[in-house]
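Read through the structure below, which is laid out as structure tokens, and then see the notes.
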Amino acid sequence: MKYQEASDVKILVEEIIEKLDFSHIVPQCVHCFRSEGTKSKRIIARIHGFGKIWQKALKLPPTYVIEVISERFDKLSQEEKEKTVIHELMHIPKGFKGGFRPHKGYVSNSQVERMYKEYKKLNRKFSNSN
């Protein structure tokens, strides 16, 4: 597997955090990488947390990494990329302590769709005010 920073994804992450008011997420502590060469067949993206034991051992703050799988993510439409990033950000709990929210009850397709519609509405509102 090869990894490289994904500045385009980071920009999208910061925009989504701001527009959807994900104020519990510290943008500086969310890093974005693009991977190539995975053996997984269905994954488009995944989020990695920096567990509490590592935080304490290394005396570092909670941190998350969003990894997009280049072979799949890069082929998506802009809309699907935005939905994918929203999905991954929704896994970050309100406490922002390195843990995760599960799919069940927190991250579902209908919830992602609802957040995406709000994001697009806010984008239009922002565009019209400029």
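When percent of Cα pairs over 18 Å apart is computed from the coordinates, the matching label among (i) 55; (ii) 51; (iii) 60 is (i).
Mind checking the full-extension length gain between E14 and K39? Use 0.36 nm per residue of separation minus the Cα-Cα distance, one decimal, nm. Let's see the in-between values first.
Details: separation 25, 0.36 × 25 = 9.00 nm, distance 2.89 nm.
So the chain would gain 6.1 nm between E14 and K39.
Label reach from D74 (point 7 Å along Cα→C-beta): in region 1-33, amide nitrogens under 19 Å belong to 1-13, 32-33.
Straightening the chain between M1 and Q55 buys 16.9 nm, computed as 0.36 nm per residue apart minus the Cα-Cα spacing.
Computed over region 18-66, the range of Cα coordinates on each principal axis works out to 34, 33, 13 Å, biggest value leading.
Peptides 65-71, 44-50, 18-24 ranked from most to least packed give 65-71, 44-50, 18-24, packing being the mean of other C-beta atoms within 10 angstrom over each peptide's residues.
Report, in deg cm²/dmol and to the nearest 500, the calculated mean residue ellipticity at 222 nm for the chain, where each DSSP H run with n ≥ 4 adds -39500 (n - 2.57) and the sum is divided by the residue count. Could you put the intermediate results ahead of the total?
Details: 5 runs with 58 residues, N = 130.
Per the formula, -13500 deg cm²/dmol.
If you average the alpha carbon positions of region 29-47 and of region 62-114, how far apart do those two centres end up, in angstrom? Cα centroid to Cα centroid, the span is 11 Å.
Where a number appears in this text, it was derived from the coordinates with a stated rule and is not lab data. Just so you know, these numbers come straight off a predicted model, no measurement behind them. Don't worry about glycine lacking a Cβ; one is built from the backbone with ideal geometry, like all the others, and counts go over all protein chains shown.
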